[in-house]
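This report refers to the structure that appears directly beneath it.
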Amino acid sequence: MLEANTVATLAYIILFAPFAAAALITVATLRSKALSAFLSVGSVILGGVLSIILLADQISRGAGAEPVVHQFTWALSRGMAFHIGVQVDFISVLMSTVVGVVGSCIFVYALGYMHGDEGWSRFFAKFAFFAFSMLGITFSTNFLQIFIFWELVGVSSYLLIGYFYQKPSAAEAGKKAFMTNRIGDFGMTIGILLLFFAVRDVFGEIDSLSFETLKGIFTNDGAREQLFAAMGWKAALGAFLIFVGAMGKSAQFPLHVWLPDAMEGPTPVSALMHAATMVAAGVYMIVRTYWLFAWAHDALVAVAYIGGFTALLAASIAIVQNDIKKILAYSTLSQLGYMVMACGLVGAGAGMFHLATHAFFKALLFLGAGSVIHACHSNDIWDMGGLGKKMKQTTWTFWAGTLALAGIFPLAGFWSKDEILAVSHHATALYIVGVGVAFMTAFYMGRACFTVFHGTYRGHGHPHESPRVMWIPLAVLAVVSIFGGFVGAPSSLNPFGEHGLQSFLLVAYLKDGVVHWPVGHGHVEAGLHLDVATVGTLMALGGLLLAWLFYGKGVLSAERVKQRLKPLHTLLVNKYYIDDFYLWLVRRVQQGFAIAANWLEQKIIIGVLVNGIAAGTKDAAARLRKTASGQIHSYVTIVLAGVTILVFWFVIFMVSE
Amino acid sequence: MQPTTLIILAPALTVLALFFLPANRPWLIRWFAVAGAFATVVLSVTMWLNYDKAAGGWQFAEYVPWVEDLGIAWNVGADGISIAMLLLTSFVIFAGALVSFRIQDRVKEFYILLLALVTGVFGVFANRDIFFFYFSYELAVIPMYLLIGVWGSTNKEYATMKLTLYLTAGAVVALVGLLLMYFGARDFYLQNPSMLAGFLSEHPEFAGSKAWSFNLVQVIWAAQHGAFSETFQFWVFPLILVGFAAIAPMWPLHTWSPGGHAAAPSAASMLHAGVLMKLGSYGIIRIGLTCLPEGAVQILPWVAALSMMNIIYGGMVAMAQRDLKFIIGYSSSSHMGYVLLGVASMNVIGLNGAVFLMFAHGIMTALAFSLIGWFYDQTHTRELQDLGGLIKQIPFVGTAFAIMAFASAGLPGFANFASELMVLFGSWQATLPVQVGAVTIPGNPWFYLYAILAVWGIVITATYLLRAVRWAFFGPLNPAWAGRVKDADGFLWKLPFVFLIVALVAFGCYPKMLVDVIGTGVEPIVDALTKARATLLAGR
């Protein structure tokens, strides 16, 4: 066990090393490609190594250990202080390990993928800055800090999606991602304000942004009931508004539209940010603040259904996509929906576990896709085919990722998906969604694999295997994707003890691990759940089999199905017309308001009021000027007229006296 | 001599020196002006670092009686709010003087006017004498007329006339209020000689003061001891408010500002949006809130409502603009809405946020106008559809512009985020009741709506700024500019932009170092407001 001070220091190093790298590259080493890459990659690898040390330390501390918190004052007003610092506990360390290890693989891979790019140093600076922002979310001690880094993650995402800024589609995609997230942040900001002041209203001037302070209140029955009595329906609203922020980052319906477009970024960016880590930030925040959600039941129900709906919606769209990165993007959406659904079903531990395993195999799949794209110079799976013989390393690793994602025993995805299906078992509708999504996932991944790696090559040129710097990270991720799930296995060999990773996660949110949910009990035993495992595995195998019949063996014709289900196919290809609806909102409604406001401004306020007063003054002046004619007799006439009036008035006044 | 006096003298003496420099040596003139501007940076930073936060109040004070029959004195000093504004002004004038190196036409006259203007601005922010406060305010407005009229572009005659009329008219309205306060305080001290003695024993540095005095400290003391009746305050506060709000600019008195920005040359736009607007909000806080709290607390809720027009309506209008300077111009009036909202929230965090935002917005908007000026001088267009892909051609200026847009859109790491966040917290806090002794001041539930709309305003801001960045800088490069637009190359040209960005980032990453100072100035004002609210409630 490490000293608390050491732990905090290590966390600060993990956090600030990528920042220092980004700053140094921007200020000093832009011209030296080698040095820039070394700084950037080195900082993330350092973070990964230190995270593993911290993770080992957390294991030695045991489940339910007190977090180490260190913070300093960021801004101070009388009666109100804002802090920034690090909170080191099992969840944050698990997350930083995922970011560090997956990040290291992707950074190394990028060395090969970005080879020869003119913006090399700029890319690595931004990449390192992203790692900093993401780790900032990870180690946040309070809502304000998580919001700050939340926004920084948003901006690094914007910069990296729009990395090929001369491409109009990339520039638009970056903007879309940023704006969609801003709408999520709108809710989150209000949620934070609502919660902050509600707690202050009841408990006085305490640090009611701090996670630990709030956790203390929410896990104390008396304090919590006092707070909820004062807040009423606003408690659930506050939790839901905070979840709206998570909906933006984790791309939940209806704020999911930015994620598929975000694939305009370079593939390593898609892998790290839009698959493995950044999009998981929303789920992470829910887990981090689970004491809040666990007691805000109404919000939790909404979370569960939004997650389930997103999972289903995205999986159905993924089936008809032809761009390999888009398939993976919709798959990511769907899996994020899975995690969110698990959180909503009181399975935050399952959600967090799936977050971790998903990060590995989805990063692997994206990097594999990048390797394929690199070789074929196309994103379209119908331009590929038969790559299995030409790109051996890419093929086996991609298949490993696919099977892990489909949830085939004993790969990583199997264990975490099993947990999710287990927690959803008591909510029948969502359980059916979960099982259905498992089937669809296996199908669309099988479709991609059979089309890309088997059959005959349909593209141009001669694809060949990517360089070693690219496929070694693939192999590392593949190994973790295959064996990583065992941390959730009930075994005495498990480094996390007999009850697996789960025991650490559950304890971290709720002391007793039990929360009541309107639809049933949320308590789930860690380990293997044979009944749901059987169903899940059968579904996955069925999906793969069907894909094989369509795209491998070719005994079924996808064309015929397409013709038969024409309207459905059109609906799916057009992504349920959600994007078109938003475009209409932005182009017509929002811009309509803007033009109306501008009309009011230019025509009424400036045109009529301001210039009207000016014109009136000028007009009056022009008329008055005529009286100053310069002719003595007219002046004399006016003076005489005035005197006459005065005399008359005076006389009448006197008479009336 | 105190740094407050020096900071007013530095630009004034530079102006004087420039008169005697030969007009055919432009570089000599430029460097001289920059040296004068840099001196103010040194002075303001010195004051900020040496300000005693524990003691608070007026520091670096100096008092030399001048026209004793009227009670006019050279009476300067700085509190926490002034310090922030002095820092802002010196940063902007330093960057502005550097940016203006590109001016080729009548260099000498340009710098004389620029520094005369800034003398006036320093004169307002460092003054404790109402007469000089007003005098300096006018001194700041008049050179702007000439700067736009002579060196401007885009409909400049109309714009400069409108600007000057608005600001002068506003000043006259404020002057009526100021004179009423002057006479009100005089009558108070004449009728209660013991009060004058009381004031002098508390403030021995003003020994020899008569009952009639333009000394702000003396007028505030009178206000604190009941010189101004509630009715008086209720009628005089609107005069101060409207007079200064015209320059702030509060809706619907804002229409002079976007056109003025668009017409002005770079450095004038920088000072205009960066600093002149803050004279308005500073005046409202310094004179209105401090001297007339019982009037202020009754009117400010309406100001909060009007600030929504600034934020939402201003943002919507900005969204419909195609000219970059008009976008930033309307964005400025939108951002100033947050300042007004912070002021109207009447609590420490809200006012801290408002003052901090005045600082942050000033720097940010100065950066915006200096960058737009950089490529406008070469492209002669600011229409979004005529630009396009410029970052390829001018990567430094383009990157700096994107940074500006992020700052303006309220991204963490920049002072704008920290300050707008504080305003939001302040606004929400205004919905909570305040307990003063036995009196409970009820919260104002309207502020829920204001806070929510203000958060939405940040979304609107991001919409039009990202769109501007997207169309002006990203996408394919417009072939008309390929090889024709020069980037800021070399230390000298980059310096003003880097300087402003560093200021935004430094105070954005660690806001405490400025907010602590601002807080010492804000707290007594909020206490006075709270007391006034309690008094009014108890009286009813």
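Quick notes
- Accessible surface, segment A:528-603, averaged per residue in Å² (probe 1.4 Å): 68 Å²
- Taking all protein chains together and a 1.4 Å probe, the residues B:Thr461, A:Thr73, B:Thr154, A:Thr26 rank A:Thr26, B:Thr154, A:Thr73, B:Thr461 from largest to smallest accessible area.
- For segment A:190-200, Karplus couplings with θ = phi - 60° (6.51, -1.76, 1.60), whole Hz, Gly/Pro x: 5, x, 5, 4, 4, 5, 4, 6, 5, 5, 5
- Here the protein assembly as shown is treated with +1 on each Lys and Arg Cβ and -1 on each Asp and Glu Cβ, and its dipole about the Cα centre works out to around 3220 debye.
- Portion, in percent, of the accessible area of segment B:22-166 that falls on carbon or sulfur, probe 1.4 Å: 67 percent
- Charge context of A:Gln393, other residues only, Cβ under 13 angstrom, K/R +1, D/E -1: +3
- Average beta carbon contacts from partner chains per residue of B:406-414, 10 Å cutoff: 4
- Loop-resident sites, segment A:214-282, for chymotrypsin sites (Phe, Trp or Tyr not before Pro), counting at most 13 other Cβ within 10 Å (DSSP): A:Trp233
- Shielding by partners, peptide A:582-591 (average Cβ within 10 angstrom, other chains): 1
- A/B buried area, accessible surface, summed, 1.4 Å probe, Å²: 5100 Å²
- Complex-versus-alone comparison for segment A:55-102, residues with a loss of 40 Å² or more in accessible area, probe 1.4 Å: A:Trp74, A:Leu76, A:Ser77, A:Arg78, A:Met80, A:Phe82
- Cα centre as origin, Lys/Arg/Asp/Glu Cβ charges: segment A:327-427 dipole, Debye: 260 debye
- Note on the protein assembly as shown: dipole from Cβ charges, positive end direction compared against B:Phe132, B:Phe234, B:Val150; the farthest Cα belongs to B:Val150.
- Shielding by partners, peptide B:455-465 (average Cβ within 10 angstrom, other chains): 4
- Among A:Tyr290, B:Tyr376, the sequence by solvent-accessible area, most first, with a 1.4 Å probe is B:Tyr376, A:Tyr290.
- Between helix B:230-245 and chain B: long-axis angle, C-alpha atoms, 0 to 90°, nearest 10: 10 degrees
- Between 0 and 90 degrees, the angle of helix A:324-344 with respect to the longest Cα principal axis of chain A falls at about 90 degrees.
- For B:Asn127, neighbours were defined as the other residues whose beta-carbon sits under 11 Å from its Cβ, and their charges (Lys and Arg +1, Asp and Glu -1) total 0.
- A dipole drawn for the protein assembly as shown from +1 and -1 charges on Cβ atoms has a positive end, and of B:Ala95, B:Gly389, B:Ala438 the residue lying farthest that way is B:Gly389.
- Whole-number accessible area per residue in Å² for segment A:233-322, which is evaluated in the context of all protein chains at 1.4 Å: 18 Å²
- Set the Cα radius of gyration of segment B:302-540 against 2.2 N^0.38 Å, with N its number of residues, and you get 1.14.
- Note that segment B:302-540 presents 28 Å² accessible area per residue, ligands and nucleic acids not counted, probe 1.4 Å.
- For segment A:139-173, a decrease in accessible area of 20 Å² or greater in the assembled protein chains relative to the isolated chain, with a 1.4 Å probe, applies to A:Leu144, A:Phe147, A:Ile148, A:Glu151, A:Leu152, A:Val155, A:Tyr158, A:Tyr165, A:Gln166, A:Pro168, A:Ala171, A:Glu172.
- Translational D in µm²/s for the protein assembly as shown (Stokes-Einstein at 10 °C, 1.306 mPa s, Kirkwood Rh from C-alpha pairs): 49 µm²/s
- With bins 20 Å wide beginning at 0, the percent of Cα pairs of chain A falling in each bin runs 18, 48, 20, 6, 5, 3, 0.
- Cα centroid separation, segment B:446-523 to segment A:143-193 (Å): 15 Å
- Over all other residues within a Cβ to Cβ distance under 14 Å of B:His254, the charged ones net out to 0, with Lys and Arg as +1 and Asp and Glu as -1.
- Cα-derived Rg over Rh, computed across segment B:214-264 with Rh taken as Kirkwood radius: 1.20
- DSSP-assigned coil residues among trypsin sites (Lys or Arg not before Pro) in segment A:263-371, each with at most 16 further Cβ atoms within 10 Å: none
- Dipole size of segment B:302-540 about its Cα centre, with +1 on Lys/Arg Cβ and -1 on Asp/Glu Cβ: approximately 200 debye, rounded to the nearest 20.
- Counting only protein heavy atoms and a probe of 1.4 Å, the accessible surface of segment B:302-540 is 67% carbon and sulfur.
- Here the relative contact order of segment B:302-540, from alpha carbon pairs under 8 Å that lie six or more residues apart, stands at 28 percent.
- Percent accessible area from carbon and sulfur atoms, chain A, protein chains only, probe 1.4 Å: 68 percent
- Residues losing 20 Å² or more accessible surface upon assembly, segment B:470-491, compared with the chain by itself, 1.4 Å: B:Arg470, B:Phe474, B:Gly475, B:Pro476
The values are calculated or read from the model by the stated rules, or taken from the named source; none is laboratory data. Since we're looking at a predicted model, the values are computed, not measured. Cβ: placed from backbone, ideal geometry, glycine included. Neighbour counts: every protein chain shown. The protein model used for the area step is the full one, side chains on, heavy atoms only, and it has no ligands, DNA or RNA in it. Shrake-Rupley method; radii C 1.70, N 1.55, O 1.52, S 1.80 Å.
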